[in-house]
Amino acid sequence: MENNADVLLLKSVGEIASENPEKIGVFKKYGVDFCCGGSKTLKDVCEEIGIDKFLIADELNKPSTATTEKDENYSLTKNAKEWDVNFLIDYIVNIHHTFLRVHIPEAESYIEKIANVHGNRHPELLKIRELFTKMSQAMILHLDKEEEGLLTAIKTGKTENIKKEIEDALYYHEYVGHILKEMLFLSSNYSVPQDACASYKHAYELLKNISDDIMIHVHMENNILFKKI
Ligand SMILES: [Fe+2]
Ligand SMILES: [Fe+2]
């Protein structure tokens, strides 16, 4: 992407992420919320979180390396903005909803295990377990509601209640996003302590993958799908 810094700073972070998904890694590095907070301009976000706007604009303008693209695994969704709405919905459901339905229960059992074993020495695990339960209950409920309500309505063209359905989805995304941020903070970005056992490492890896996946999932809905309809 080649953008004058001033032009870039006035764009919304959601727009930048959907036009250049390979740059999402830069947003993650600086803690920029590009999914739920996607409608804010880059300039406003920088002011809010206290980072140098020209530093980040400069980094976003640098050509991306093959490694960043590979690491972030964005090659598949690179042109998602151009996708047909039905294809986009199928992709979101088949990839992201399925991912959560498979991995949430697995993560739940690992967190339960490590909170019981290591909760005394690492009390943050008890809080993380509580937050994860809250987040997953809301998320699973949301996936069902979204598929039966909003996504079916878009596919079948029954758009009478669509505004309300989108508001509902945005509410859930915000709620889940808030919990994820708290979990990231408590776990210091899912860095495992020195004394961590294999289950501890696996649990944190699962949580990190779930968190990364939700960020892309919400970004695809808020900044791409909802903008199309
Ligand atoms: Fe979804
Ligand atoms: Fe959603």
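List of remarks:
- Segment 156-200: trypsin sites (Lys or Arg not before Pro) in DSSP coil with no more than 14 other Cβ atoms inside 10 Å: K158
- Projecting the Cα atoms of S136, S39, N120 onto the charge dipole of segment 1-157 (Cβ charges, centred on the Cα centre) puts N120 farthest toward the positive pole.
- Å² per residue, accessible surface of segment 5-72 at 1.4 Å: 48
- Treating r as the C-beta distance of Y171 and V7 and R0 as 41 Å, the FRET efficiency rounds to 0.80.
- Largest first, the residues Y175, Y91 sort by 1.4 Å accessible area into Y175, Y91.
- Rolling a 1.4 angstrom probe over the protein heavy atoms with all chains in place gives segment 80-228 an accessible area of 52 Å² per residue.
- From the C-alpha gyration tensor of the chain, square roots of 5λ in Å: 29, 24, 15
- Reachable lysines, given that their alpha-carbon falls under 18 Å from the alpha-carbon of K145 and they are not under 8 places away in the same chain: K134, K155, K158, K163, K164
- Two-site label geometry, H103 and K228: point separation in nm, points 7 Å out along Cα→Cβ: 2.3
- Accessible-area value, S109, 1.4 Å probe, nucleic acids and ligands omitted, Å²: 70
- DSSP-assigned coil residues among trypsin sites (Lys or Arg not before Pro) in segment 98-142, each with at most 13 further Cβ atoms within 10 Å: R121
- Share of carbon and sulfur in the accessible area of the chain stands at 53%, probe radius 1.4 Å.
- Sites Q137 and E59 - FRET efficiency at Förster radius 45 Å, r taken between beta-carbons, to 0.05: 0.75
- Those aspartates and glutamates that a straight Cα-Cα span of less than 12 Å connects to K43, excepting residues fewer than 8 apart in one chain: D6, D52
The values are calculated or read from the model by the stated rules, or taken from the named source; none is laboratory data. Please read these numbers as outputs of a predicted model, since none were measured by experiment. Note that we place each Cβ from the backbone using ideal geometry, even for glycine, and neighbour counts take in every protein chain shown. When the accessible area is computed, the model is the full protein with side chains, heavy atoms only, and any ligands, DNA or RNA have been set aside. Shrake-Rupley method; radii C 1.70, N 1.55, O 1.52, S 1.80 Å.
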